[in-house]
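Heads up, the thing below is written out as structure tokens.
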Amino acid sequence: MFNSSYLICSVLFQMALIPFTMSRYTIATFSSSKLNKYLPLDKALRIHIHLGYTMVSIVFSATIVFFIFFGLSCSEGEEAFCDKFTSEIMITGYCILGILLLMAGTAFFRHSIPYELFYGVHFIFLAMYAIAVAHTFDIAQRSGK
């Protein structure tokens with residue numbers, strides 16, 4: 001049986017790795033150490049891009065699955081599932097998805113938009129982290145209290 005906590009942990013782990021791949025001083029320091037033998041630090045930008053697009057894909061797919069599951073249950077008259085579309089946890093999920101899609105969009109078009117726009121939009125990851133913490137630790141909503 002699939003456990004959704006694995007998916008959550010996967011996304012949170014990727015969220016932890018993404019900023020590390022852009023930490024230039026840390027990468028430069030580790031690149032000159034024996035750690036570079038085990039971690040491909042010379043490919044940090046490619047890893048950053050891969051992790052970002054993977055995270056966007058996972059979150060987008062999970063949102064589609066939630067829409068299908070809750071939508072089917074709601075259409076069958078289950079009012080509790082209809083209410084979940086506007087619950088706090090879904091609203092934070094919408095915000096996370098919106099921020100990720102905005103970041104992915106500017107990343108995809110980074111060669112045709114001004115660099116400052118690309119760079120500035122990527123700093124909203126700080127807001128996304130705060131919203132992700134609220135989304136992840138919303139125990140009262142998940143337990144039905």
Karplus (6.51, -1.76, 1.60) ³J(HN,Hα), θ = phi - 60°, over region 26-34, in Hz, Gly and Pro reported as x
4, 5, 4, 5, 6, 5, 8, 9, 6
Within region 52-145, chymotrypsin sites (Phe, Trp or Tyr not before Pro) in DSSP loop having at most 15 other beta-carbon neighbours inside 10 Å:
PHE85, PHE109, PHE123, PHE137
Could you give the length gained by full extension between TYR53 and PHE85, i.e. 0.36 nm per residue of separation minus their alpha carbon distance, to one decimal place?
9.0 nm
With all protein chains present and a 1.4 Å probe, the order of VAL59, VAL133 from largest accessible area down is VAL133, VAL59
What's the center-to-center distance, using Cα atoms, between region 11-34 and region 84-132 in Å?
21
Tell me which cysteines of the chain come out unpaired when the rule is another cysteine's Cβ under 4.7 Å.
CYS9, CYS95
Suppose we flag GluC sites (Glu not before Pro) only when DSSP calls them loop and at most 15 other Cβ atoms lie within 10 Å. Which is the longest uninterrupted stretch of the chain?
1-75
Per residue of region 49-66, in order, report the coupling 6.51 cos²θ - 1.76 cosθ + 1.60 (Karplus, θ = phi - 60°) as ³J(HN,Hα) in whole Hz, putting x for Gly and Pro.
5, 4, 4, x, 5, 5, 5, 4, 4, 5, 5, 4, 4, 4, 5, 4, 4, 4
When the helix-only estimate is applied to the chain (DSSP H runs of n ≥ 4, each -39,500 (n - 2.57), divided by the residue count), what is the mean residue ellipticity at 222 nm, nearest 500 deg cm²/dmol?
-24000 deg cm²/dmol
Could you sort ARG110, ARG46 by their accessible area in this structure, using a 1.4 Å probe and putting the largest first?
ARG46, ARG110
Heavy-atom accessible area of region 1-114 with neighbours in place, 1.4 angstrom probe: carbon+sulfur share in percent works out to 71
Nearest 10 degrees, 0 to 90: helix 88-108 Cα axis against the chain principal axis
40
Accessible-area value, MET128, 1.4 Å probe, nucleic acids and ligands omitted, Å²
10
Given a 1.4 angstrom probe, what's the average accessible area per residue across the chain, in square angstrom?
69
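The values are calculated or read from the model by the stated rules, or taken from the named source; none is laboratory data. Quantities reported herein were computed from a predicted structural model and do not represent experimental measurements. For neighbour counting, all protein chains shown are included, and Cβ atoms are generated from backbone atoms with ideal geometry for every residue, glycine included. These area figures cover heavy atoms from the full protein model, side chains too; ligands, DNA and RNA do not enter into them. Shrake-Rupley method; radii C 1.70, N 1.55, O 1.52, S 1.80 Å.
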